[in-house]
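Worksheet: the structure to be examined is printed underneath.
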Amino acid sequence: MTNPLALIGRTVLTVLATIGRIAIFGFETISHMLRPPFYGREFLSALLNIGWLSLPVVGLTAVFTGGALALQIYAGGSRFNAEAVVPQIVAIGIVRELGPVMVGLMIAARVTSSIAAEIGTMKVTEQIDALITLSTHPMKYLAVPRVLAGVLVVPVLVAVGDIVGVFGGYAVATGTLGFNPAGYIRNTVDFLEPLDLISSLTKGAFFGFAATLMGCYYGMHSGRGAMGVGRATKSSVEGAAVLILAANFLLTGVFFSL
Amino acid sequence: MIKMKDVHKSFGSNHVLRGLDLNIETGTSMVIIGGSGTGKSIALKCILGLVKQDKGTISVDGKDAASGDRDAFLARFGMLFQGGALFDSLPVWQNVAFRLLRGSLKRPRDEAREIAIEKLRRVGLKPDVADRFPAELSGGMAKRVGLARAIAAEPEIIFFDEPTTGLDPIMSGVINELIREIVVEMGATAMTITHDMTSVRAIADNIAMLHDGVIQWTGPVAQMDASGNPYLDQFIQGKAEGPIEAVR
């Protein structure tokens with residue numbers, strides 16, 4: 001029978017080893033970002049795929065989240081006659097927390113999985129070996145364009161998500177809860193501070209880095225066959241989601257202390 | 001000349017190469033034969049540095065394969081992968097001209113495309129294939145495109161990993177002929193991995209029989225049938241009985 005302590009020990013060691021390997025992979029990626037050659041076409045293609053093509057899912061997620069948040073705050077606030085705070089709480093909730101996290105998780109679902117599956121398939125069909133024999137470093141050609149695009153474009157998606165999320169709250173509040181449209185916008189704009197926006201966009205950059213890095217890492221370390229690629233894809237999304245939520249907690253702590 | 005000396009490679013408890021010695025003379029075509037899982041592809045990947053050997057040395061023209069300028073080293077090689085290994089996201093011509101579109105051999109885009117179309121023509125494909133994507137190609141066409149990519153930058157050394165696997169006998173014959181013609185025409189050193197004996201006879205100047213992680217026999221293809229080596233004889237004749245254990 002397996003010793004439970006040994007099992008826990010092995011699991012902890014495996015998790016620590018994986019964290020270490022991902023950290024090394026991350027440093028390697030950053031180091032390759034700073035050294036030529038650079039693959040502009042792959043970078044532009046990654047920008048399009050991660051940024052532009054993610055807009056529909058980001059927009060839909062944000063508008064529904066903003067709307068639901070307005071309803072929840074109104075319902076909760078009415079218990080102690082504080083319904084009027086809906087614009088302020090929607091704004092701060094979306095911009096500081098829900099916007100970046102929802103966008104990060106959507107990117108993990110849409111982009112991390114697709115990167116891991118694509119690179120994993122390239123690995124099992126020897127396309128990564130082919131890249132090497134064609135004098136092309138896989139980290140530079142596959143990881144750097146995607147991670148750089150993630151860092152640059154996810155903050156833009158978060159900004160879009162913030163605006164659309166606030167709009168979702170606005171639409172519900174003015175459409176069904178009886179708020180004055182001009183007053184809602186004024187309250188939202190007056191309440192938000194530059195630090196709220198900075199924290200939102202900074203989180204976006206970190207989440208973009210985490211989501212794309214996990215896709216590249218698990219894709220490049222994919223096992224053989226369809227099962228190997230499937231496992232890599234699943235692990236990449238799990239890893240990215242956990243990393244995004246952990247980073248969110250840490251970054252929130254940092255911004256709170258400012 | 002490619003020289004492998006006492007090369008060992010293990011994956012966990014699986015000792016794939018156990019002291020492989022092999023010399024491939026410049027301008028000759030060497031075919032490595034052996035059963036599945038005997039380490040033929042690993043030997044090839046060790047030369048290219050895709051897999052690092054645990055022990056032993058590999059040199060190309062007297063220089064250690066693992067040291068020196070990696071890009072310059074790899075620029076001397078072309079490789080046809082077993083499944084083609086074409087990049088799905090790129091059209092055929094960009095696959096063929098991949099090396100000519102980036103890195104030290106970079107050419108203007110139009111010129112790279114011209115070269116790609118010329119190489120496609122050389123392997124029997126029409127120019128209209130150039131703008132298709134790999135997913136739109138048949139197995140035989142994908143092999144030809146892989147072959148065109150392998151020769152696009154006119155390498156000195158070309159590796160062929162199972163060039164006829166998955167093809168019908170007629171297409172296998174066409175690919176074998178193409179490989180032979182191209183190798184002779186370019187004066188390249190060729191190393192092929194296969195267990196297709198028709199390919200062996202069509203492509204090889206010399207053959208090496210790999211089993212149990214070592215070369216059991218090596219020599220000119222003309223002497224293959226009269227080698228007297230029990231491993232080679234069993235392999236050529238496809239017998240279940242012999243020193244090579246056949247799992248039933």
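The values are calculated or read from the model by the stated rules, or taken from the named source; none is laboratory data. Everything numeric here is computed off the predicted structure, so don't read it as measured data. Ideal geometry is used to build each Cβ from the backbone, glycine not excepted, and the neighbour counts take in all protein chains shown.
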Quick one: how many residues across segment A:173-194 are assigned to a helix (DSSP H, G or I) and surrounded by 12 or more Cβ atoms within 10 Å (Cβ to Cβ)? 12
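Would you check if A:Ser222 is touching a helix residue (DSSP H, G or I) at 6+ places or on another chain (Cβ under 9 Å) and not in a helix (DSSP H, G or I)?
When the stated conditions are applied, A:Ser222 passes them.
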Does segment A:125-136 contain any residue that is surrounded by fewer than 20 Cβ atoms within 10 Å (Cβ to Cβ) and touching a residue at least 12 places away in the same chain (Cβ under 8 Å)? no
When you go through (1) closer than 29 Å to B:His8 by Cα; (2) touching a helix residue (DSSP H, G or I) at 6+ places or on another chain (Cβ under 6 Å); (3) surrounded by 20 or more Cβ atoms within 10 Å (Cβ to Cβ); (4) not basic (Lys, Arg) one by one for B:Pro243, which number turns out not to apply? (3)
Looking at segment A:31-63, which of its residues are surrounded by fewer than 16 Cβ atoms within 10 Å (Cβ to Cβ), more than 14 Å from chain B (Cβ to nearest Cβ) and over 15 Å from A:Val160 (Cβ atoms)? A:Ser31, A:Leu34
Where residues in segment B:191-205 are touching a residue at least 40 places away in the same chain (Cβ under 8 Å) and farther than 21 Å from B:Pro230 by Cβ, which of them is surrounded by the fewest Cβ atoms within 10 Å (Cβ to Cβ)? B:Asp205
Restricting attention to segment B:3-53, the residues that are among the hydroxyl-bearing types (Ser, Thr, Tyr), within 16 Å of the chain's Cα centre (by Cα) and farther than 24 Å from A:Leu134 by Cβ number exactly 3
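So that you can scan it fast, the table gives a plain yes or no per residue for (1) within 14 Å of chain B (Cβ to nearest Cβ); (2) out of contact with any Phe, Trp or Tyr (no Cβ under 9 Å at 6 or more places or on another chain); (3) crowded, with 21+ Cβ neighbours inside 10 Å; (4) part of a helix (DSSP H, G or I):
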| residue | (1), (2), (3), (4) |
| --- | --- |
| A:Ile107 | no, no, yes, yes |
| A:Thr121 | yes, yes, no, yes |
| A:Val147 | no, no, yes, yes |
| A:Val153 | no, no, yes, yes |
| A:Val158 | no, no, yes, yes |
| A:Ile163 | no, yes, no, yes |
| A:Val166 | no, yes, yes, yes |
Considering B:Ala208, B:Ala116, which residue is crowded, with 18+ Cβ neighbours inside 10 Å, over 23 Å from A:Gln127 (Cα atoms) and among the small types (Gly, Ala, Ser)? B:Ala208
Could you say whether any residue in segment A:178-195 is under 18 Å from A:Glu97 (Cβ atoms), of a type in the set (Phe, Trp, Tyr) and in contact with a helix residue (DSSP H, G or I) (Cβ under 6 Å, 6 or more places away or on another chain)? yes
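Just the residues that are buried (at least 19 other Cβ atoms within 10 Å of the Cβ) and either touching a strand residue (DSSP E or B) at 6+ places or on another chain (Cβ under 8 Å) or of a type in the set (A, V, I, L, M) (or both), please, taken from segment A:64-83.
The answer is A:Leu69, A:Ala70, A:Ile73.
Could you grab me the full set of residues in segment B:168-190 that are more than 18 Å from B:Ile151 (Cβ to Cβ) and crowded, with 20+ Cβ neighbours inside 10 Å?
Correct list: B:Ser172 only.
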Considering only segment B:160-181, I want to know if a residue exists there that is among the hydrophobic types (A, V, I, L, M, F, W, C), under 22 Å from B:Ile115 (Cα atoms) and at pLDDT 90 or above. yes
Just to verify a result, which residue in segment B:193-233, among those that are touching a strand residue (DSSP E or B) at 6+ places or on another chain (Cβ under 8 Å) and among the hydroxyl-bearing types (Ser, Thr, Tyr), is farthest from B:Thr38 (Cα to Cα)? B:Ser227
Would you say B:Arg144 is surrounded by fewer than 19 Cβ atoms within 10 Å (Cβ to Cβ), within 16 Å of the chain's Cα centre (by Cα) and part of a helix (DSSP H, G or I)? no
Considering each of A:Ala116, A:Ala149, A:Ala143, A:Ala84 in turn, give the residue that is over 30 Å from B:Ala150 (Cα atoms), at pLDDT 95 or above and among the small types (Gly, Ala, Ser). A:Ala149
